[in-house]
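Asks: I'd like to ask some things about the structure below.
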Amino acid sequence: MNPRKECWGAHLKPMALPPMPASPLVSVLIANYNYARFLGQALDSVLGQTYKNFEIVVCDDGSTDGSRDVLGIYGQKFRQLQVVLQENKGQSEAMLAAYKASRGEIICFLDSDDIFLPCKLESMVEAFANTPGAGLAVHRLSATDESLQTVRSIPALVGLVSGWKAPELSLKSPYMFSGMPPTSGLSLRRGIADRILPHLQGRKTFADSVIQVSAPIITLIVAIERPLSLYRVHGANSYSLRKFTDADIERMSRVDAELWCAWRSFVMTIAPALPADFPLPPEKGLYVMDYACARIRRDPNSKTVYRDVVSGPWFDALPRPHQWFWRSAVFLPDWLFEKSFNFVYGMGRAKQVISRVILWLRGHRETK
């Protein structure tokens, strides 16, 4: 079933936003955990922005490395920096804590191992000023290695999502539009953040996913097609994985479960704006990673799990190539299932080559 045949989102209208001040305060939110080796560069990239009316709010999520020493040094030098300390609760809770301490009209998110290019904040202010109804701004990122050498563009294969997208949504499950960048490519107006970020409460990981699936339901999206951040790919982040272990797949299943809960909590707040016969989403979803976990455990009930998953609402919301993979998965021998999974969800050499070619073609076209 096509998830867009029953488009309950067509009943919604974009949330009205107040006029933006001429020179709005921009809050840069950073959730940090044990990234002392990168944190200084992330902070320097904000402090060196061309737009000067900003604050930085860092929530350190119980780091055990030298992160708090780094924050102490920067906090003594720069009045724009505010530090929130908490015990380890996870990235989502840390991002929410940083948001609660912030004051800005525009909220920019920065992973503590990433870097903003110098015109990032200025570009966000201009984008929101030129598109007054937009509450979410997105832009491309340049993926780099640890030494900040560019290796590919993010997203690599598609254009960025933009415009009013709710009419395309079934609202039966979280839907991730193609062309949605990760954390350091996302910015919100405060009115939209007020509606979405409270649903990070009690979650641990991937705060960006909650924003990515929730914001298009209530606001227009403005897209900037040029890179404005550097996304550092290294062994400690998920974007660098080429081969997934059993533990990785089980973690992905837990992330799906958390995302469902956060998304459902958000949808329940907009349900009054929908027709009375809108089918409220169940408390627990069905996720393809549930089948993957059953498969790697050699669970004898894995085929039953598979049937439930492919007939569930979240399956219909997957990108088409992923649907093709999962429809064939049950017929694949274990060794081929593993290799196919790593290709579809990982960043192997073939994908890297394709991404680099597209990055070169895009740069070549822009120089003409």
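The values are calculated or read from the model by the stated rules, or taken from the named source; none is laboratory data. Quick caveat, the model's predicted, so the values are computed rather than measured. With ideal geometry, Cβ positions are generated from the backbone for all residues, glycine too; neighbour counts draw on all protein chains shown.
Asks: Could you tell me whether Asp316 is surrounded by fewer than 17 Cβ atoms within 10 Å (Cβ to Cβ) and acidic (Asp, Glu)?
Replies: For Asp316, the condition - surrounded by fewer than 17 Cβ atoms within 10 Å (Cβ to Cβ) and acidic (Asp, Glu) - is not met.
Asks: Also: Can you list the strands (runs of 3 or more DSSP E) lying wholly within region 1-104 that have 3 or more residues being touching a strand residue (DSSP E or B) at 6+ places or on another chain (Cβ under 8 Å), surrounded by fewer than 21 Cβ atoms within 10 Å (Cβ to Cβ) and in the same structural domain as Gly191 (by TED's automatic domain parsing)?
Replies: Qualifying strands (runs of 3 or more DSSP E): 81-86.
Asks: Still on this structure: Residues that are touching a residue at least 40 places away in the same chain (Cβ under 8 Å), more than 28 Å from Pro14 (Cα to Cα) and not assigned by TED's automatic domain parsing to the domain that holds Pro167, at least 2 per element: which helices (runs of 4 or more DSSP H) completely within region 273-330 meet that?
Replies: By residue number, 288-296.
Asks: Still on this structure, I have one more. In the list Ser209, Ser170, which residue meets the criterion of being under 26 Å from Gly312 (Cα atoms) and part of a helix (DSSP H, G or I)?
Replies: After ruling out the rest, the residue left standing is Ser209.
Asks: If you take the residues in region 113-162 that are in a loop (DSSP other than H, G, I, E, B), modelled with pLDDT of 90 or more and among the polar types (S, T, N, Q), which one is nearest to the chain's Cα centre (by Cα)?
Replies: Ranking the qualifying residues of region 113-162, first place goes to Ser162.
Asks: Tally the residues that are in contact with a helix residue (DSSP H, G or I) (Cβ under 7 Å, 6 or more places away or on another chain) and of a type outside the set (Val, Ile, Thr), restricting the search to region 324-338.
Replies: Qualifying residue count for the region: 6.
Per-residue answers, yes or no, for (1) over 27 Å from Ile115 (Cβ atoms); (2) out of contact with any strand residue (DSSP E or B) (no Cβ under 7 Å at 6 or more places or on another chain); (3) at pLDDT below 95:
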site	(1), (2), (3)
Trp164	yes, no, no
Ser209	no, yes, yes
Gln212	no, yes, no
Ile217	yes, yes, no
Ser229	no, no, no
Ala236	no, yes, yes
Ile249	yes, yes, yes
Trp260	yes, yes, yes
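Asks: Checking Gly90 against (1) on the phi < 0 side of the Ramachandran plot; (2) within 21 Å of the chain's Cα centre (by Cα): exactly one of these is not met. Which one?
Replies: Result: Gly90 passes all but (1).
Asks: May I pose another question? Hey, among Asn88, Asn53, which residue is touching a Leu at 6+ places or on another chain (Cβ under 8 Å) and more than 30 Å from Lys13 (Cβ to Cβ)?
Replies: Exactly one of Asn88, Asn53 is touching a Leu at 6+ places or on another chain (Cβ under 8 Å) and more than 30 Å from Lys13 (Cβ to Cβ), namely Asn53.
Asks: Among the residues of region 105-122, write down those that are in contact with a strand residue (DSSP E or B) (Cβ under 6 Å, 6 or more places away or on another chain), buried (at least 21 other Cβ atoms within 10 Å of the Cβ) and not β-branched (Val, Ile, Thr).
Replies: Scanning region 105-122 gives Cys108, Phe109, Leu110, Ser112, Asp113, Asp114, Phe116, Lys120, Leu121.
Asks: Tell me, please, whether a residue that is part of a strand (DSSP E or B), over 17 Å from Gln91 (Cα atoms), of a type in the set (D, E, K, R) and in the same structural domain as Met15 (by TED's automatic domain parsing) can be found in region 186-196.
Replies: yes
Asks: A further question follows. Asn301 fails exactly one of the following numbered conditions: (1) surrounded by 12 or more Cβ atoms within 10 Å (Cβ to Cβ); (2) touching a helix residue (DSSP H, G or I) at 6+ places or on another chain (Cβ under 8 Å). What is the number of that condition?
Replies: Answer for Asn301: the failing condition is (1).
Asks: Can we say Arg232 is of a type in the set (D, E, K, R), closer than 30 Å to Gly48 by Cα and surrounded by 13 or more Cβ atoms within 10 Å (Cβ to Cβ)?
Replies: yes
Asks: Within region 188-219, track down each residue that is of a type in the set (Val, Ile, Thr), within 19 Å of Pro155 (Cβ to Cβ) and in contact (Cβ under 8 Å) with a residue 60 or more places away in the chain.
Replies: Val210, Ile211
Asks: Does Phe325 satisfy the condition of being at pLDDT 90 or above, within 24 Å of Ser209 (Cα to Cα), surrounded by 13 or more Cβ atoms within 10 Å (Cβ to Cβ) and of a type outside the set (Lys, Arg)?
Replies: yes
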